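Colleague: One structure follows; several queries about it will come next.
The values are calculated or read from the model by the stated rules, or taken from the named source; none is laboratory data. Model, not experiment: these values are computed from the prediction. Positions of Cβ are backbone-derived with ideal geometry, glycine not excepted, and every protein chain shown enters the neighbour counts.
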Amino acid sequence: MIETSYTIKPIGVIRSELTTLEAAPRQGDEGAPEAWLELINLVAPGLAGITAGDELIVLTWLHRARRDVLQVHPRGQLERPLTGVFATRSPDRPNPIGLHRVSVLEVAGQRLRVAPMEAIDGTPVIDIKPVLGPLDDR
């Protein structure tokens, strides 16, 4: 790997009824529940302009993922051939960044209630971005 390193500081945490990896669906649209994104005070002003109904991309650090895995059987199905993690949505990868498309259900101070969210309780949030339309100027 390239010897350059970067520091990513969490801006918040996921609060969810999902507490184990086994309980979490593989993708949000596979039955993931609502969850809260709790942001730290320092970044709370960054929520200005977000309202219920907005669609967001939430980037998380999949802190329980393995970082030494480069090939997986897609979706854990052993009958499928080993495939490089960069060709899959496996959480196990050198930099385990999660990508979650969610809808905002509620804005409450420095918290957002969103759905669907397949990340487990305690997962660090590293960034939030709006889903842009074709002529969006954000």
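Colleague: With surrounded by 14 or more Cβ atoms within 10 Å (Cβ to Cβ) and under 21 Å from Val125 (Cα atoms) as the only criterion, which of Arg67, Arg101 stands out? Give the steps one after another, and end with the answer.
Modeller: Values: Arg67 fails: surrounded by 14 or more Cβ atoms within 10 Å (Cβ to Cβ).
Arg101 is the lone residue from the list that is surrounded by 14 or more Cβ atoms within 10 Å (Cβ to Cβ) and under 21 Å from Val125 (Cα atoms).
Colleague: Quick check: is even one residue across the stretch 74-95 crowded, with 18+ Cβ neighbours inside 10 Å, in contact with a Pro (Cβ under 9 Å, 6 or more places away or on another chain), under 24 Å from Glu34 (Cα atoms) and at pLDDT below 90?
Modeller: yes
Colleague: What are the residue pairs meeting all of these: first residue in the stretch 6-26, first residue outside any loop (DSSP other than H, G, I, E, B), second residue of a type in the set (S, T, N, Q), Cβ atoms under 6 Å, and 6 or more apart or on different chains?
Modeller: From residues that are outside any loop (DSSP other than H, G, I, E, B), the pairs are Ile14/Thr123.
Colleague: Would a scan of the stretch 116-136 turn up a residue that is modelled with pLDDT of 90 or more, part of a strand (DSSP E or B) and touching a helix residue (DSSP H, G or I) at 6+ places or on another chain (Cβ under 7 Å)? First the steps, then the outcome.
Modeller: If we filter the stretch 116-136 for residues that are modelled with pLDDT of 90 or more, which is where we start, we get 116-131.
From what is left, the residues that are part of a strand (DSSP E or B) are 124-130.
Next, from what is left, pick out any that are touching a helix residue (DSSP H, G or I) at 6+ places or on another chain (Cβ under 7 Å): none.
No, there is no match, as no residue in the stretch 116-136 is modelled with pLDDT of 90 or more, part of a strand (DSSP E or B) and touching a helix residue (DSSP H, G or I) at 6+ places or on another chain (Cβ under 7 Å).
Condition check ((1) without any contact (Cβ under 8 Å) to a residue 40 or more places away in the chain; (2) in contact with a strand residue (DSSP E or B) (Cβ under 8 Å, 6 or more places away or on another chain); (3) not in a loop (DSSP other than H, G, I, E, B)) across all residues:
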residue	(1), (2), (3)
Ala52	no, yes, no
Leu56	no, yes, yes
Leu59	no, yes, yes
His63	no, yes, no
Arg67	yes, no, no
Arg75	no, no, yes
Leu78	yes, no, no
Phe86	yes, no, yes
Pro94	no, no, no
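Colleague: One residue is enough: does the stretch 24-34 have a residue meeting the conditions more than 24 Å from Gly133 (Cβ to Cβ), in contact with a Leu (Cβ under 6 Å, 6 or more places away or on another chain) and not β-branched (Val, Ile, Thr)?
Modeller: Looking for residues that are more than 24 Å from Gly133 (Cβ to Cβ), in contact with a Leu (Cβ under 6 Å, 6 or more places away or on another chain) and not β-branched (Val, Ile, Thr), one finds at least one in the stretch 24-34, hence yes.
Colleague: State all residues of the stretch 104-131 that are surrounded by fewer than 17 Cβ atoms within 10 Å (Cβ to Cβ), within 19 Å of Pro33 (Cα to Cα) and not aliphatic (A, V, I, L, M); if no residue qualifies, say none.
Modeller: Glu106, Arg111, Asp121, Gly122
Colleague: Hey, does the stretch 96-104 have a residue that's within 30 Å of Gly133 (Cα to Cα), of a type outside the set (Asp, Glu) and part of a loop (DSSP other than H, G, I, E, B)? Can you show your working first?
Modeller: So the first thing to find is which residues in the stretch 96-104 are within 30 Å of Gly133 (Cα to Cα), and the list is 96-104.
Still in the running and of a type outside the set (Asp, Glu): 96-104.
Still in the running and part of a loop (DSSP other than H, G, I, E, B): 96.
Yes - at least one qualifying residue is present in the stretch 96-104.
Colleague: Here's another thing I want to ask about it. Quick test for you: out of Glu30, Glu55, pick the one residue that is over 27 Å from Tyr6 (Cα atoms), at pLDDT 95 or above and of a type in the set (Asp, Glu).
Modeller: On the way: Glu30 fails: at pLDDT 95 or above.
The unique qualifying residue is Glu55.
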